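Take a look at the structure set out below.
The numbers here are math on the coordinates, done by the rules we state, and not lab data. Since the model is a prediction, treat every value here as computed from it, not as a measurement. Neighbour counts are summed over all protein chains in view; Cβ atoms, including those assigned to glycine, are modelled from backbone coordinates with ideal geometry.
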Amino acid sequence: MPKVAVVIGSKSDAKAGEEIVGVLKEYGVECDYRVISAHRSPDELDSFVRGTDAEVFIAVAGLSAALPGVIASKTVRPVIGVPMNVKLEGLDAFLSMTQMPPGVPVATVGVDNSKNAALLAVEILAMKYPELRGRLEEGRRKRR
């Protein structure tokens, strides 16, 4: 059963998606990786969000950057948004993700910072799965 659902809005976000999957694998966290557009495939996205057992979502998007917010509107599980630098140095995507209405939060990392999104997902999961805490501490020591 995947613990994290990684959703990218289009194939152009594949590099970020693959980085996220790589970090999650490094920590032994199973994930489900999908390309689903909030605008072009809304029914598919709805079915996926409602049907997955994942405990955390990571959504990567640029341009309108609606994907994380749409996912957050369909679940009470944590959603982490990764804004991509497509236009305006990614500021438009960043602001779109951080300015969510009350009651529909999206945790947002820095522009193009997919690795931090994966690490945040692992940190969230470590609250429930203590074995991940040790892996995180070891990983942080290695990065110093």
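Among the residues of the stretch 42-54, those that are crowded, with 18+ Cβ neighbours inside 10 Å and not hydroxyl-bearing (Ser, Thr, Tyr) comprise Leu45, Phe48, Val49, Ala54.
Could you check the stretch 1-95 for strands (runs of 3 or more DSSP E) lying wholly inside it with 1 or more residues that are of a type in the set (A, V, I, L, M, F, W, C) and touching a residue at least 60 places away in the same chain (Cβ under 8 Å)? Working first, answer last.
Details: elements: 4-8, 31-35, 56-61, 79-83.
Output list reads 4-8, 56-61, 79-83.
Can you pull out every residue in the stretch 96-118 that is assigned to a helix (DSSP H, G or I) and either out of contact with any helix residue (DSSP H, G or I) (no Cβ under 7 Å at 6 or more places or on another chain) or buried (at least 21 other Cβ atoms within 10 Å of the Cβ) (or both)?
Let us first name the residues in the stretch 96-118 that are assigned to a helix (DSSP H, G or I), namely 96-98, 114-118.
Correct list: Ser96, Met97, Thr98, Ser114, Asn116, Ala117, Ala118.
Has the stretch 120-133 got any residue that is part of a loop (DSSP other than H, G, I, E, B), more than 18 Å from Pro78 (Cα to Cα) and touching a helix residue (DSSP H, G or I) at 6+ places or on another chain (Cβ under 9 Å)? No.
Taking the condition within 12 Å of the chain's Cα centre (by Cα), under 24 Å from Glu30 (Cα atoms) and not aliphatic (A, V, I, L, M), does Glu131 pass? For Glu131, the condition - within 12 Å of the chain's Cα centre (by Cα), under 24 Å from Glu30 (Cα atoms) and not aliphatic (A, V, I, L, M) - is not met. State all residues of the stretch 71-82 that are farther than 11 Å from Ala107 by Cα and surrounded by 23 or more Cβ atoms within 10 Å (Cβ to Cβ); if no residue qualifies, say none. Of everything in the stretch 71-82, just one residue is farther than 11 Å from Ala107 by Cα and surrounded by 23 or more Cβ atoms within 10 Å (Cβ to Cβ), namely Ile71.
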